[in-house]
Structures are given as structure tokens and as C-alpha cells.
Amino acid sequence: MELQQLRYLVAVAGCRSFTAASQLCHVTQPTLSHQIKKLEEEVGEPLLQRRRKGAFLTPLGERVYRHAQEILKNVESVQEAAAAFSHQVQGRLKIGVIPTIAPYFLPGLLHLAQKRYPGISFHVTEEPTERLLASLTSGALDLAVLSPPIAYDHVQTQDLFEDEFLLALPRNHFLVRARHISLRTLRELPMILMNDAHCLRGQTVSFCQRAGFAPKVFIQSSQLDTVMAMVETGRGISLVPAMARKAFRHRKVVFRSLRPEKLSRKISLAWSTQMTPSRAFNAVVDLCKSARQTPVS
């Protein structure tokens, strides 16, 4: 049973004429008659009585006609809804973000999204990189915002911008007055880092190793705010992302860039290569690109 056959039946019942119905449906009369005949063969009984004065519905034809009207009305509603949807970007996106990016990048992004695409809703998850990547490949997430490197099959990335690492010092630290601070200057100082689950720790350790030393980790924490509280009270120093700087203005902490080397991390989008992007997905990806215009080197 096909929708077109139901349309032909409804047209014949309304016009009470095969000729008029074929003109209304913009098909030849033999074509329309053939499709009605196929429909009658499928249901096992005649649906129309052919008379000199026209075509009339049989008792079964009356029943099928009422159902056909309802079906065609529902199909029309679906088509109207699809047409409306195609003119407005809407949908629900599941976004995952690592904790050292989420509080500093997401508010601005979602503010832009709400203004430009009010039809898009978001479900946000904050997890370390490995969990986000696993959720992407399983389909539990549509999109992730994280920091490379990423060694995962079936995950595509798009670099957005560079985020500088700043040295966080308590206000009374002797390095506050230094004209230039190099990474090697920190080799004997106690450091406060995120725990092993966070890529921020791995990046910091990697920077130190490239400078020829292993950091003296005094305290580890799962929260960047706790790291900053420990720095404020003089328990040690830390390297923190520049995007977080404004969030810690209330703390008695001084931020300094390292010289001559400038340390930074890439902020990237990631998604599964096995997903089919929706219009909402593409719109949010474009918003992410415009949210921060700092070029990636």
C-alpha cells in the first residue's frame, strides 16, 4: 500500500469521477485506474463502484477512505513540521568539555548560541579527556572541547585557538619582582598540579621535562580552584591556563608569562567521524570557531 494510491482514492471519492480525479492529480486516467486497482487487489475487495453517473465508495471503501484522509493529513503535518525545521536551526546537542576549559569558555559560547540559535538546547558534561573521547566514540556525546594531543581512532579534531600557560605565584613570592622568568627557574620550587586524570597536569610535566627537569610536585588536586587556593596561601606555585585568569581575580595571586619560551596549549573541537552532522551541530561548530579568534600556530 502506497501513499500515492491513497491520494488517488481520496481524489476519486471527492470528485466521483476517474477523469476529474486524474486531472486533479496530474496523471493520466489509466495510471490512476491502475493504481486504484492495485490497492483493491491488496485489500481483497472493491473500494469503488463504477457507474454511469460516476464512481462511489463501497462500504469497505468508506472505511479505507476515512483512514486514508487521516493518514494523508498526518503526512502533511509531518511535511509542514520538516519544512519549518529546515528554516530554523534547532535541536539538542550533547557537548563534553574538560574541566579546565568548561567554566572559562562555555559561558561565552552558550551566550552566543542562545542569541543566534534559540532553537538549540544543550546538555553539558564535564569530564577528563579520556572519558570524553570514549563518550564520543560510543555516541553518548556529539561534540567535545578539549586540549590535544589526542590518540583515538575515529575522532576528528579542529583546532580553535592557543591558550597560554601562565605562572601563578602568591603575591609575596620572590619571583614576582623578577623582570623575566624562565621555566628552568622553577626547577627547585614546590609545584601544585592537577591530578593524573587531567591533561593540564600532563602538559605541565611535559613542559618541565623538555626544559630538562622533573617538577617537584608538592600538592595534587582535582580542582583548579583548589590549586589556586593553595598557591594563594604560599604552599607552592603552578602553571594555569590564561583563559582562567579572570576567574581568579579575587585571589591574592600574581600571574606572569614565562620568557623567553611562551608555553601554551591548543584548544580543539573533537567529534566522531562516524556521526552524521546535523544543522545544529554545524552551527555550533561555526560558533566555536568565532568565539575566540586567536589563531592557532
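The values are calculated or read from the model by the stated rules, or taken from the named source; none is laboratory data. These figures come from a predicted structure and were not determined experimentally. Counting neighbours? That spans all protein chains shown, and the Cβs are built from the backbone with ideal geometry, glycine included. The protein model used for the area step is the full one, side chains on, heavy atoms only, and it has no ligands, DNA or RNA in it. Shrake-Rupley method; radii C 1.70, N 1.55, O 1.52, S 1.80 Å.
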Going by the structure shown, is ILE181 assigned to a strand (DSSP E or B), open to solvent by less than 10 Å² (accessible area, probe 1.4 Å) and among the β-branched types (Val, Ile, Thr)? no
Residue match in the range 252-273 (condition: free of Cβ contacts under 8 Å to residues at least 24 places away in the same chain, on the phi < 0 side of the Ramachandran plot and surrounded by fewer than 21 Cβ atoms within 10 Å (Cβ to Cβ)): no
Considering only residues that are free of Cβ contacts under 8 Å to residues at least 40 places away in the same chain and closer than 18 Å to GLU2 by Cα, look in the range 44-61 and name the one that is surrounded by the fewest Cβ atoms within 10 Å (Cβ to Cβ). GLY44
Evaluate the following for LEU186: is it under 30 Å from the mean Cα position of the chain (by Cα) and at pLDDT 90 or above? no
When GLN49 is evaluated against the numbered criteria (1) more than 28 Å from LYS246 (Cα to Cα); (2) within 23 Å of the chain's Cα centre (by Cα); (3) in a strand (DSSP E or B), which criterion, by number, is the only one it fails? (2)
Among the residues of the range 135-146, is there at least one that is open to solvent by less than 70 Å² (accessible area, probe 1.4 Å), in contact (Cβ under 8 Å) with a residue 60 or more places away in the chain and out of contact with any strand residue (DSSP E or B) (no Cβ under 8 Å at 6 or more places or on another chain)? no
GLU126 fails exactly one of the following numbered conditions: (1) in contact (Cβ under 8 Å) with a residue 60 or more places away in the chain; (2) surrounded by fewer than 17 Cβ atoms within 10 Å (Cβ to Cβ); (3) of a type in the set (Asp, Glu). What is the number of that condition? (1)
Which listed residue is in contact with a helix residue (DSSP H, G or I) (Cβ under 6 Å, 6 or more places away or on another chain) and either part of a strand (DSSP E or B) or not basic (Lys, Arg) (or both), from SER206, SER238, SER268: SER238
Does LEU110 satisfy the condition of being farther than 25 Å from GLN274 by Cα, surrounded by fewer than 21 Cβ atoms within 10 Å (Cβ to Cβ) and in contact with a strand residue (DSSP E or B) (Cβ under 9 Å, 6 or more places away or on another chain)? yes
Name the one entry in ARG210, ARG235 that is over 28 Å from ALA134 (Cα atoms), touching a residue at least 24 places away in the same chain (Cβ under 8 Å) and surrounded by fewer than 18 Cβ atoms within 10 Å (Cβ to Cβ). ARG235
The residue from ALA68, ALA113, ALA102 that alone is of a type in the set (A, V, I, L, M) and farther than 30 Å from ALA244 by Cα is ALA68
Given the residues GLN49, GLN29, which is the only one that is among the polar types (S, T, N, Q) and out of contact with any Leu (no Cβ under 8 Å at 6 or more places or on another chain)? GLN29
Just one of LEU133, LEU110, LEU141 is aliphatic (A, V, I, L, M) and either touching a Ser or Thr at 6+ places or on another chain (Cβ under 8 Å) or at pLDDT 95 or above (or both); which is it? LEU141
Hey, among PHE174, PHE213, PHE161, which residue is under 33 Å from the mean Cα position of the chain (by Cα) and among the aromatic types (Phe, Trp, Tyr)? PHE161
